[in-house]
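Please treat every number below as a calculation from the coordinates, not as lab data. This structure is a prediction, so every number in the text was calculated from the model and none was measured. Every residue, glycine among them, receives a Cβ derived from its backbone with ideal geometry; neighbour counts consider all protein chains shown.
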Amino acid sequence: MNNLFYDGFNSKLIETAMFESLLEIPVLEAPKDIIIPRKAIPFSRIDQLSDPLDMLVFYEQDPIFRDFVSVPQKYDKLLSKVKIMSTPDCSLYRDMPLWEQLANIGVARSIGYYEQQQGKYIIPNIRWGDERTYTTMHFDIPPTFAGAPKKSIVSIGTYGCCQKKEDKYHLEAFLEAMLDYLMPLDVIVYGSFNKKYLQQYGKYTNFHVIPDWISFKRGDQNGDE
């Protein structure tokens with residue numbers, strides 16, 4: 001199993017949450033101040049987290065963080081030293097049924113809301129699937145942006161999303177939709193990011209490219225795709 005299938009509803013996560021759109025996605029609060037993390041630590045490498053400005057991320061295969069997503073309360077002690085974290089990067093493959101893409105968006109926001117209530121500085125990870133997730137083709141607002149604060153800070157992961165011509169098409173379409181709808185002040189980019197995107201979209205937001213874990217351990221600088 002390469003993707004997350006959420007098989008339980010942990011209602012305690014969102015007991016006090018506000019919801020947005022017809023899909024009733026939990027709403028995350030915008031942070032009072034913008035904090036730019038120094039590096040990104042994958043969930044499977046949480047033991048490597050040592051600096052308060054390290055950001056815990058979930059840009060890994062879904063089964064690695066499946067248990068955490070199912071019952072995050074069990075991980076409160078493990079995550080007690082984490083100050084900054086992105087919301088889980090639950091997969092949104094374009095060949096997934098729409099209901100599963102929508103479910104994974106809701107799960108990611110639910111975990112983000114819970115961890116925000118635990119005092120974490122949450123940077124919403126914005127993951128896109130097919131065009132139905134980042135447009136208003138079927139819903140009142142683009143589902144992938146539901147619950148994420150506007151004019152704030154978000155995170156995206158590009159690893160494995162820029163290989164084929166169709167991938168690049170959806171990446172650019174998503175970026176344009178995100179900048180238009182969320183109007184983020186800062187965007188954390190985990191992984192490679194073609195310089196043309198910096199030139200094309202850099203006037204609309206501040207991009208902060210952080211190396212993926214393997215590149216970071218090799219000592220590579222921020223790479224281009």
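Between ARG38 and HIS138, the modelled label-to-label distance comes to 4.4 nm, taking each label 7 Å out from Cα in the direction of the beta carbon. When the Gaussian network model of the chain links Cα atoms closer than 10 Å, the mean-square fluctuations of THR158, THR144, THR136 top out at THR136.
Counting only DSSP beta bridges whose two residues both lie in the chain, roughly 10 percent are antiparallel. Comparing GLY202, GLY112, GLY129 in a Gaussian network model of the chain (Cα springs below 10 Å), the most mobile by mean-square fluctuation is GLY202.
Taking the chain as a Gaussian network of alpha-carbon nodes connected by springs under 10 Å, the highest mean-square fluctuation of the residues SER11, SER91, SER152 belongs to SER11.
Place a label point 7 angstrom from the Cα of LYS168 along the Cα-to-Cβ direction, then list the residues of the stretch 178-213 whose backbone nitrogen is under 17 Å away. Hits in the stretch 178-213 for LYS168 at 17 Å: 192-201. What the Cβ-Cβ distance of LEU22 and TYR201 gives, at R0 = 35 Å and to the nearest 0.05, is a FRET efficiency of 0.75. Per residue, the average separation of C-alpha pairs within less than 8 Å and at least 6 apart gives the chain a relative contact order of 19 percent. Need one word for the stretch 27-133: rounded, prolate or oblate. Basis is the Cα gyration tensor (sqrt eigenvalues a ≥ b ≥ c); a/c below 1.5 gives rounded, then a/b vs b/c decides. The shape class here is prolate. Taking every pair of alpha-carbon atoms in the stretch 107-225, give the share separated by more than 18 Å as a whole percent. Tail of P(r) above 18 Å: 54 percent of Cα pairs. Pairwise Cα separations in the chain fall into 5 Å bins from 0 onward with the following percentages, short to long: 1, 7, 15, 21, 22, 18, 11, 4, 1.
Using the rule -39500 (n - 2.57) for each DSSP H run of four or more residues, divided by the residues of the chain, the 222 nm mean residue ellipticity is -8500 deg cm²/dmol.
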